[in-house]
1. Sorting 263, 191 on the 10 Å Cβ count, fewest up front, what's the list?
2. Kindly put 253, 219 in sequence by how many other C-beta atoms sit within 10 Å of each C-beta, fewest to most.
3. To the nearest 0.05, what FRET efficiency results for residue 137 and residue 234 with a Förster distance of 22 Å applied to their C-beta separation?
4. Given the stretch 109-263, report the % of alpha carbon pairs whose separation exceeds 27 Å.
5. Within 10 Å of each residue's Cβ, count the other Cβ atoms and sort 161, 189, 143 from fewest upward.
6. Just to be sure I understand the model, the point goes 7 Å from the Cα along the line to the Cβ. What's the resulting residue 262 to residue 171 distance in nm?
7. Measure off 7 Å from each Cα along the Cα-to-Cβ vector at residue 198 and residue 129, then give the distance between these two points in nanometres to one decimal.
8. Once both labels are modelled 7 Å past Cα along the beta-carbon direction, what's the residue 104-residue 164 spacing in nm?
């Protein structure tokens, strides 16, 4: 391979990565937890990044593959260090979400998600732990974009910041009805989650790893979550004030009455 061609192709990868990062920071800032809409400038940057990366040589791809394999081995080692509940792929289990749908009617409804530790063991373990602690009880769906996602996971009362958990490799695509952790970048997952309202497969390459799926006709309930506030609620204020802020500014918001691990 000619040295000049190699430098040019590697440069394309660097420029693509820089473009994606720059757009993400410009739109959301370094502390926001998000999943970007495919219609946004972030999606355009992602598509450009993918096109640039596709021009790389097979030699570079093999190098990246070796690095990915090493990262996977490191994650497996971490799982063994933190205990068998995270290290081993456990059996699927169900979690029942009881909702107050908000809006003018404030009807109640529920849906069940099936958690698959074999999809994303670290995410599944974190979710189960938080559900059992009551973290999601009375929490609001503060970002709802019809045809894209419904996001939640900031607690009803302000809490100390949770430690980040490591990323899981993406084993299952971001299909309609899957449940996924939101992120602010690599290895920044804590408690925020989103429901995919459609097949958002473009998120797979960005590292969003589904760990659960909504069962049966539960998507009818999920899609009835109040969407009138869109993306207006401020995540920083929700984090700092919880429902004191949401109830005052967004009284029609859908809330989780209770989330329960089913035996």
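1. Numbers: 263 5, 191 22.
The order, fewest Cβ neighbours first, is 263, 191.
2. Details: 253 25, 219 17.
By the 10 Å Cβ count, ascending: 219, 253.
3. 0.50
4. 16 percent
5. Values: 161 8, 189 28, 143 25.
Ascending number of Cβ neighbours within 10 Å: 161, 143, 189.
6. 2.1 nm
7. Placing both labels 7 Å beyond Cα along the Cβ direction yields 3.5 nm.
8. My value for the distance between the label points is 4.5 nm.
Laboratory data are not the source of any read-out in this text; all were calculated from the coordinates shown. All values reported here derive from a predicted model rather than from experimental measurement. For neighbour counting, all protein chains shown are included, and Cβ atoms are generated from backbone atoms with ideal geometry for every residue, glycine included.
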